[in-house]
Ligand code: IVH
């Protein structure tokens with residue numbers, strides 16, 4: 001072999017190509033097939049040779065070079081990546097009956113009595129990632145983030161040697177998605193090392209994986225051992241597979257690790273068997289799993305089934321039963337939430353529940369404490385299931401101390417002292433202090449800046465609390481006047497009177513500037529986020545999205561609410577009368593209107609631009625379905641119409657544009673006729689949307 005210094009440029013390029021390919025082959029053999037292709041010494045020799053040549057010919061360094069697996073640190077945090085295809089989550093179920101209901105729902109939607117094949121896959125307890133390949137080269141890695149925007153972790157993902165950097169015979173654009181995890185063994189080794197070094201250890205492998213992957217310095221990611229499994233896809237220029245099973249074959253050919261326990265199930269008993277088998281082998285697997293995912297195998301059927309707001313209709317997660325442990329209740333505290341709800345929380349003697357240290361559990365509400373007769377000093381069984389807050393399952397009566405007293409739920413807010421009242425039919429007792437109650441005001445601020453709302457990362461819980469207590473932030477509108485107030489206003493008279501946060505302990509010029517730029521970046525906000533951020537009772541992000549879709553602008557929504565007009569709201573599928581009442585009530589409160597108006601002076605709320613098809617003949621139209629359709633089910637037709645930008649209403653009104661009439665249509669068709677609304681039969685509807 002020639003010395004590196006004797007190579008000409010052409011030879012060097014050819015050898016670098018050969019080295020990259022050899023080492024990639026070796027990575028696959030080592031990680032995927034458990035069958036080393038090169039010895040460690042040989043591998044290191046190739047690595048050295050690669051480095052020597054690259055040092056001599058830096059302009060020949062290939063993007064898939066093994067030396068590129070560790071890049072440079074990013075200085076100012078991760079940049080954002082917009083997912084062209086959202087990274088969704090899955091609906092959860094906890095029993096085989098619920099799985100059966102899910103499968104029945106799928107069949108009903110598709111209007112078929114035949115068995116449908118499902119892929120059963122272990123649900124890996126890690127963090128999802130998306131890896132983008134263009135022309136067969138890995139170009140970008142991203143975290144899931146909120147599903148629509150993630151963080152750019154390209155350099156960190158590259159350090160995971162199981163991730164192929166080049167693909168042969170792949171579509172021009174291909175996003176592969178899956179889970180990054182840390183094996184149990186690597187987790188224990190890392191924690192032991194950290195314990196010896198006196199560093200903080202991780203609570204579980206998932207946290208360790210998350211902490212390792214989201215490192216600004218990829219050299220740290222490289223030191224921690226991370227692994228991955230691929231299981232789905234995002235954007236793809238040409239889908240060359242027609243089932244989940246077929247997709248896995250392609251993944252293997254491209255060199256991605258695919259979980260060996262994925263199995264195709266053709267009936268409910270087979271699904272049940274796959275679940276039981278995974279439960280059995282769970283403890284012996286080298287990584288944590290927290291359930292089983294079932295996916296409709298056929299992609300054609302997946303496409304017909306489509307999506308709900310955040311989850312696919314063609315897949316579900318069947319979670320393993322909760323893990324339990326025995327511990328002592330040291331105290332019962334009352335927390336006050338954003339809407340004034342008093343929530344009892346148990347302080348526990350810390351206990352390890354399935355690998356996580358638990359020291360608090362929610363007691364839900366007054367009735368729950370009564371029903372289970374939970375008392376301070378009791379020994380209880382606590383359980384943890386997935387991400388939910390730990391709960392108290394039952395009290396061990398035999399262990400109750402002789403002098404124990406029944407817990408008395410307070411009738412006054414423990415934070416502000418106002419009356420706490422319980423409306424008839426309501427399970428919760430609420431503080432009547434409104435925004436004069438610091439707990440409610442703080443929680444509302446925290447909600448306002450939270451991830452699905454304004455997502456102002458620089459304003460964490462602790463800062464919000466401090467700023468509230470110091471009178472710097474009292475309500476959401478204050479966030480956007482902060483910079484001006486810090487300077488001391490624009491007028492000459494108040495110059496020099498500013499807050500001067502940069503002089504506060506723990507703050508400096510730079511961190512204050514960062515905070516203001518994080519705030520200013522959010523002066524333009526999408527309509528669903530804005531509605532959600534207001535923190536109206538019962539209005540979560542899915543409901544906020546429905547409102548945004550239906551009203552288009554904030555002004556239209558607010559006008560109806562101020563005028564107590566709920567007709568339009570309740571005609572939206574998914575919004576009920578009780579929710580509408582809460583919305584109207586919110587806009588009857590003077591202080592809410594005042595804050596909203598102050599906010600609107602500071603920020604711009606975008607009109608809702610739907611990602612659905614704007615050119616479709618149904619865009620912006622309100623349609624009502626009636627009668628039985630023959631060629632598709634009602635749910636399928638509804639989903640189709642919504643994807644084409646239509647609003648689907650439950651009843652006919654003067655706002656209806658089309659009534660789609662199936663067989664045996666009843667009064668809705670008659671009403672449409674009366675109002676002169678266009679009625680389409682099923683074929684006409686299909687023609688319109690085709
Ligand atoms: S499929 C549209 N498959 O579970 C379907 N997810 O609760 C997208 N997960 O965010 C997910 N193992 O992080 C899928 N075999 C598997 C999975 C899996 C783990 C995670 C993933 C996802 C979450 C959903």
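Computed from the coordinates by the stated procedures, all read-outs in this text should not be read as laboratory data. Note that the structure is predicted; figures quoted are calculated from it, not measured. For neighbour counting, all protein chains shown are included, and Cβ atoms are generated from backbone atoms with ideal geometry for every residue, glycine included.
Between residue 79 and residue 356, what length comes free when the chain is fully extended (0.36 nm per residue of separation minus the Cα-Cα distance, one decimal in nm)?
Result: 96.6 nm gained on full extension.
Figure the gain on full extension for residue 335 and residue 510 (residue separation times 0.36 nm, minus the Cα-Cα span) and round it to one decimal in nm.
Details: separation 175, 0.36 × 175 = 63.00 nm, distance 3.49 nm.
Extra length from residue 335 to residue 510 when fully extended: 59.5 nm.
Is it possible to state the helix-based mean residue ellipticity at 222 nm for the chain, with each DSSP H run of 4+ residues giving -39500 (n - 2.57), the sum divided by total residues, to the nearest 500 deg cm²/dmol? What is it? Write down the numbers at each step before the final one.
Working: 25 runs with 253 residues, N = 690.
Using -39500 (n - 2.57) per qualifying helix, the result is -11000 deg cm²/dmol.
How far apart, in nm, are the 7 Å Cα→Cβ label points at residue 111 and residue 241?
Rounded to a tenth, the inter-label distance reads 3.1 nm.
Rg/Rh for segment 122-262: what does it come to with C-alpha atoms and Rh from Kirkwood? List each step's numbers first, then the result.
Numbers: Rg = 15.5 Å, Rh = 15.7 Å.
My calculation of the ratio gives 0.99.
What is the order of 161, 537, fewest Cβ neighbours within 10 Å to most? Mind dumping the intermediate values first?
On the way: 161 21, 537 16.
If I rank by nearby Cβ atoms, fewest first, I get 537, 161.
Would you mind putting 90-101, 192-203 in packing order, based on average other-beta-carbon counts within 10 Å, highest first?
In descending order of packing, they fall as 90-101, 192-203.
Using a simple spin-label model with points 7 Å from Cα along the Cα→Cβ vector, what separation in nm is obtained for residue 563 and residue 484?
3.1
Working out 0.36 nm times the residue gap between residue 518 and residue 148, then minus their Cα-Cα distance, what length gain in nm do you get to one decimal? Kindly include the intermediate steps, with their values, before the conclusion.
Numbers: separation 370, 0.36 × 370 = 133.20 nm, distance 1.89 nm.
Gain on stretching residue 518 to residue 148: 131.3 nm.
Taking the highest mean first, how do the peptides 434-440, 9-15 order by number of other beta carbon atoms within 10 angstrom per residue?
Values: 434-440: 17.9, 9-15: 14.1.
Answer by packing, highest mean first, reads 434-440, 9-15.
Computed FRET efficiency, Cβ-Cβ of residue 465 and residue 169, R0 56 Å: what is it to the nearest 0.05? If you can, show how the numbers build up before the last one.
On the way: r = 55 Å, r/R0 = 0.99.
Once rounded, the FRET efficiency stands at 0.50.
Can you grab the distance from the C-alpha centre of segment 108-141 to the C-alpha centre of segment 441-484, Å, no decimals?
First find each Cα centre; the distance between them is then 38 Å.
Considering the convex hull of the alpha carbon atoms of segment 515-577, report its projected area averaged over all viewing directions, in nm², one decimal.
Working: hull surface 19.0 nm².
Mean projected area of the Cα convex hull: 4.8 nm².
Would any residue of segment 520-564 have its amide N under 13 Å from a label point 7 Å out along Cα→Cβ of residue 609? List them or say none.
It comes to 525-527, nothing else.
Please find the FRET efficiency linking residue 29 to residue 590, where r is the Cβ-Cβ separation and R0 is fixed at 60 Å, and quote it to the nearest 0.05. Before the final figure, lay out the partial values.
On the way: r = 70 Å, r/R0 = 1.17.
It comes out at approximately 0.30.
The chain: percent of C-alpha pairs farther apart than 51 Å?
Working: 48744 of 237705 pairs.
When all Cα pairs of the chain are counted, 21 percent exceed 51 Å.
Give me the distance between the Cα centres of segment 255-313 and segment 626-690, rounded to whole Å.
Answer, in whole Å: 36.
Sorted by packing (mean other beta-carbon atoms within 10 Å per residue), highest first, where do 295-308, 441-454 land?
Values: 295-308: 17.6, 441-454: 20.6.
The packing order, highest mean first, is 441-454, 295-308.
Measuring from label point to label point, each 7 Å out along Cα→Cβ, what is the residue 8 to residue 45 span in nm?
Rounded to a tenth, the inter-label distance reads 2.7 nm.
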